[in-house]
Amino acid sequence: MPAPRYADHGADNFYKSSKVTMKPVTFKNQFNMKVAGNLYIPKTYQKGQKLPAVIVGHPMGAVKEQSGTLYAQKIADQGFVTLAVDTPYWGSSEGTPRNSVLPDIYSEAYMAAVDYLGTRDFVDRDNIGALGVCGSGSFIISAAKIDPRIKAIATVSMYNMGAANRDGLHHSQTLEQREAYIADAARQRYAEFEGEPRKLLGGTTHTLNEQTDPIQQEFYDFYRTTRGAAAGKGQDMNTTTHPTYTSNVKFMNFYPFQDIETISPRPLLFITGDQAHSREFSEDAYRRAKGPKELYYVKGAGHVDLYDKTELIPFDKITSFFSRYLHLKK
């Protein structure tokens, strides 16, 4: 069984910047649910300035302290206001039952983040962008299709959560397997309606053995070790990455890349590791999108490597993208 690799390539999920001021914030989404986030303001900010801003989303089933706040701080270090958000039903954001899947509400959280940032006197509301890591990349794309206030969109190690659940990675799931899960989830609804405890989906394993597949090992290395096991307020970390069994079927109706071309002429940047098991999703989105668009491969990087390995994450690429399209003035 391979040993964890969290020490290599500058893994720094819990990075703390000395260049920014952090403030925990909450705001309401359109459905009156509280959304929680960490707001970062560069210490170089001077009263009266209006700075461009970037919203940052965390991996699916995680909390903002897992990857999201690292990206938010690194981008804020370059002069942007940033806001790392907990999606509803996870972390410090409201929503019950916990760990529920509702893609429209996830996407709404990023639109509500635009509402919040665009009403701050230190933010230039005409220059707000968003970056999503893993599953949040697909939620942010979904939001951007119907919210033109999001002026520039970047994704890192993106998962299309709809396609991943309908078809599996590399289309490895058959229609019969999909139908069997949907039928079982429907039966489970009866059980829970009659009082049985809520069942959680597999998610990331909590133990490794000789039979653990490489992708599970990759996720374990982040979520189940000190490398990334964040103690998120409002989130039982034993259930991180484990959505409720009966709600997860809602991903079957989630098609974030349909009509992605309508985001144009707003720019899209897709970043993926050239060794990532998830690269198919960034490649698919890139094929479907209209320009301006770019697909950027990080040489030697896997999927989870780009959650926190600072020597691999192309922060210069990300900040130059947002600087260009959100008109950051140095």
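Coordinate-derived values only; no laboratory data. Predicted model, so just to flag it, every value in this text is computed and none were measured. Reconstructed Cβ throughout: ideal geometry from the backbone, glycine too, with neighbour counts over all protein chains shown.
Take M22, M111 and order them by how many other Cβ atoms sit within 10 Å, fewest up front. Intermediate values should be presented prior to the final figure.
Details: M22 17, M111 20.
Exposure proxy ranking, most exposed first: M22, M111.
Pairs K28/K290; K64/K329; K34/K299; K74/K293; K34/K290; K145/K329: which exceed 30 Å Cα-Cα?
Working: K28/K290 32 Å; K64/K329 28 Å; K34/K299 39 Å; K74/K293 23 Å; K34/K290 34 Å; K145/K329 27 Å.
Beyond 30 Å: K28/K290; K34/K299; K34/K290.
Can you give me the angle between helix 175-193 and the longest principal axis of the chain, using Cα atoms only, in degrees from 0 to 90, rounded to the nearest 10?
Value to nearest ten degrees: 90.
Would you calculate a helix-derived [θ] at 222 nm for the chain, using -39,500 (n - 2.57) for each DSSP H run of n ≥ 4 and dividing by the full residue count, to the nearest 500?
Numbers: 9 runs with 97 residues, N = 330.
Helix-only estimate at 222 nm: -9000 deg cm²/dmol.
With every atom except the alpha carbons ignored, what do you get for Rg and Dmax of segment 265-307, in angstroms?
Rg and Dmax of segment 265-307, Cα atoms, are 10.5, 31 Å.
Given points 7 Å out from each Cα along the Cα-Cβ axis, report the A180 to D126 separation in nanometres with one decimal.
Here the answer is 5.7 nm between the modelled labels.
Taking 0.36 nm per residue of sequence separation and subtracting the Cα-Cα distance, how much length would be gained by fully extending the chain between L208 and R324, in nm to one decimal?
Fully extending the segment from L208 to R324 adds 37.4 nm.
If you add up the charges near D104, with Lys and Arg at +1 and Asp and Glu at -1, over every other residue whose beta carbon is less than 13 angstrom from its beta carbon, what do you get?
Working: positive: K145, K250; negative: E108, D147.
Residues near D104 contribute 0 overall.
Round to the nearest 0.05 the FRET efficiency obtained for H9 and Q258 when R0 = 51 Å and r is the Cβ-Cβ distance.
0.90
So if I restrict to the alpha-carbon atoms in segment 50-130, what is the Rg, and what is Dmax, the biggest pairwise distance, in Å?
12.8, 38
How big is the charge dipole of segment 1-122 about its Cα centre, in debye rounded to the nearest 20, if each Lys and Arg gets +1 on its Cβ and each Asp and Glu gets -1 on its Cβ?
Values: 13 positive and 10 negative charges, 87 e Å.
Taking the Cα centre of segment 1-122 as origin, the dipole is about 420 debye.
Can you tell me the alpha carbon radius of gyration of the chain divided by the globular rule-of-thumb value 2.2 N^0.38 Å? Don't jump to the answer; show the numbers that get you there.
On the way: Rg = 18.9 Å, N = 330, 2.2 N^0.38 = 19.9 Å.
Taking N as the residue count of the chain, the ratio is 0.95.
Suppose the chain between E311 and Q216 were pulled fully straight at 0.36 nm per residue; how much longer would it get relative to their current alpha carbon spacing? Write down the numbers at each step before the final one.
Numbers: separation 95, 0.36 × 95 = 34.20 nm, distance 2.28 nm.
Here the answer is 31.9 nm.
Under the 0.36 nm per residue contour assumption, what length would be gained going from the current alpha-carbon distance of Y190 and L102 to full extension?
Values: separation 88, 0.36 × 88 = 31.68 nm, distance 1.95 nm.
Working it through step by step, the gained length comes to 29.7 nm.
For helix 103-118, report the angle its Cα long axis makes with the longest principal axis of the Cα atoms of the chain; keep it between 0 and 90° and round to the nearest 10°.
Between the helix axis and the principal axis of the chain, the angle is about 10 degrees.
Tell me, R324, R120, R187 in order of fewest to most beta-carbon neighbours within 10 Å? Display every interim value, and only then the final one.
Numbers: R324 12, R120 17, R187 9.
In increasing order of surrounding Cβ atoms, one gets R187, R324, R120.
Return one number: the angle in degrees, 0 to 90 and rounded to the nearest 10, between the long axis of the Cα atoms of helix 136-146 and the longest principal axis of the Cα atoms of the chain.
Helix 136-146 and the main axis of the chain meet at about 60 degrees.
Roughly how many debye, to the nearest 20, is the charge dipole of segment 280-322 about its Cα centre, given +1 on each Lys and Arg Cβ, -1 on each Asp and Glu Cβ, and no other charges? Intermediate values should be presented prior to the final figure.
Numbers: 7 positive and 8 negative charges, 55 e Å.
Rounded to the nearest 20 debye, it is 260 debye.
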